[in-house]
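Everything below concerns the one structure shown next.
The values are calculated or read from the model by the stated rules, or taken from the named source; none is laboratory data. Every value quoted in this text rests on a predicted model; they were computed, and no experiment measured them. Neighbour counts run over all protein chains shown; Cβ positions are idealised from the backbone, glycine included. Only protein heavy atoms, including side chains, enter the accessible area calculation; ligands, DNA and RNA are left aside. Shrake-Rupley method; radii C 1.70, N 1.55, O 1.52, S 1.80 Å.
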Amino acid sequence: MLATKSPELLLDSLWNTGFYGHIVFGGIALLVGWAQFSKRFRTKRIKLHRILGKVYSVSSVISALCGIGIAFSATGGGVAQMGFISLGIIWFATTIVAYRYIKKGDVIKHQTFMFYSYAACFAAVTLRVWLPILLVFMDDFMVAYRIVAWLCWVPNLLFAWYMIHSMARKRTIHGI
């Protein structure tokens, strides 16, 4: 990806700060976020869950803001830029909303928005899965990258929506 950037952009300290901030803090969020979905972990290690939740939230907010900043110079032009800017806004907003809900004591809404937040965070992984697949079927990297700028996160959010509604149905059926 860096090979597609202009030498001027690669020398820009603000862009570099955003780029590496996005990578480092996004990696931290990916690393600590997955463990938060284990009910057993959350109930048996509540203090650690809260600590990791704060690490995830701070890392996500920083990475999302950095991601929004660097998205304005994303490879692929306006279509890719809007895909990544939208992703950053959704990741930032869902993380903040989830944090606000847990501070109010609303665990169900907190979990709902954390599902969406991690679905947005996981776009880093799905981008790296989808891009090589698209390149097998397409001859044009730029077209594939414009598609993957949306494909890396929209299906993740749809999957999160499905999981959230499946859990809500189970809670209703079991009277939880």
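Observations
- Any hit, the stretch 75-93, residues being more than 24 Å from R50 (Cα to Cα), not hydroxyl-bearing (S, T, Y) and not in a helix (DSSP H, G or I): yes
- Summed over the stretch 23-47, the residues that are over 17 Å from W91 (Cβ atoms), open to solvent by less than 60 Å² (accessible area, probe 1.4 Å) and not in a loop (DSSP other than H, G, I, E, B) give a count of 3.
- Elements of type helices (runs of 4 or more DSSP H) in the stretch 104-176, at least 1 residues being more than 28 Å from V32 (Cβ to Cβ) and polar (S, T, N, Q): 154-173
- If you go through the stretch 58-74 and pick out every residue that is part of a helix (DSSP H, G or I) and in contact (Cβ under 8 Å) with a residue 60 or more places away in the chain, you end up with 1.
- Test: residue in the stretch 137-157 that is under 27 Å from W15 (Cβ atoms), acidic (D, E), surrounded by fewer than 18 Cβ atoms within 10 Å (Cβ to Cβ) and over 19 Å from the mean Cα position of the chain (by Cα): yes
- Options Y20, Y56; residue that is open to solvent by 90 Å² or more (accessible area, probe 1.4 Å), among the aromatic types (F, W, Y), in contact with a Cys (Cβ under 9 Å, 6 or more places away or on another chain) and at pLDDT 95 or above: Y20
- Close Cβ contacts (under 7 Å, 6 or more residues apart or on different chains) running from residues in the stretch 31-55 that are basic (K, R) to residues that are modelled with pLDDT of 90 or more and part of a helix (DSSP H, G or I) comprise R42/H49.
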